[in-house]
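In what follows, a structure is listed as structure tokens, so that the remarks can point back to it.
The values are calculated or read from the model by the stated rules, or taken from the named source; none is laboratory data. Small disclaimer: the values here were computed from a predicted structure and weren't measured. Cβ atoms come from the backbone with ideal geometry, glycine included; neighbour counts cover every protein chain shown. Side chains are part of the model used for accessible areas, which takes the heavy atoms of the whole protein and leaves out ligands, DNA and RNA. Shrake-Rupley method; radii C 1.70, N 1.55, O 1.52, S 1.80 Å.
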Amino acid sequence: MILGVPWWVFAMILLIFVSGYMAFRGMVAERRMEQHFIEQEGEVYMERVRKGRALKERGKQATDE
């Protein structure tokens, strides 16, 4: 034993680091998914805005004629 420390103490320290790494990976993946969802919703909103502008332009053109 190194300095009289049991092997399971080193195993626990290793598992703590592995657990922290996995939590970090999960956090990054969650952030990516959230960003992707926000971008999708933003695109839906922008499409609605474009359609509204197109309808408004058609309405203007109809009244101008």
query = What size of dipole, in debye to the nearest 20, comes out for the chain about its Cα centre when the only charges are +1 on Lys and Arg C-beta atoms and -1 on Asp and Glu C-beta atoms?
reply = 80
inquiry  = Taking the solvent-accessible surface of protein heavy atoms with a 1.4 Å probe, what is the per residue accessible area of the chain in Å²?
reply    = 99
ask   = What's the angle, to the nearest 10 degrees (0 to 90), between helix 7-64's Cα axis and the longest principal axis of the chain?
value = 0
ask   = If Lys and Arg each add +1 and Asp and Glu each add -1, what is the summed charge of the other residues whose beta carbon sits under 14 Å from the beta carbon of GLN35?
value = -3
task = Could you grab the Rg to Rh ratio for the chain? Cα atoms only, Kirkwood for Rh.
result = 1.66
ask   = Add -39500 (n - 2.57) for each DSSP H run of 4 or more in the chain, then divide by its residues: what number comes out at 222 nm, to the nearest 500 deg cm²/dmol?
value = -33500 deg cm²/dmol
remark   = With all protein chains present, the chain has a carbon and sulfur share of its accessible area (1.4 Å probe) in percent of 66
query = Just how much of GLU34 is accessible, in Å², when a 1.4 Å probe is used and the result is rounded to the nearest 10?
reply = 110
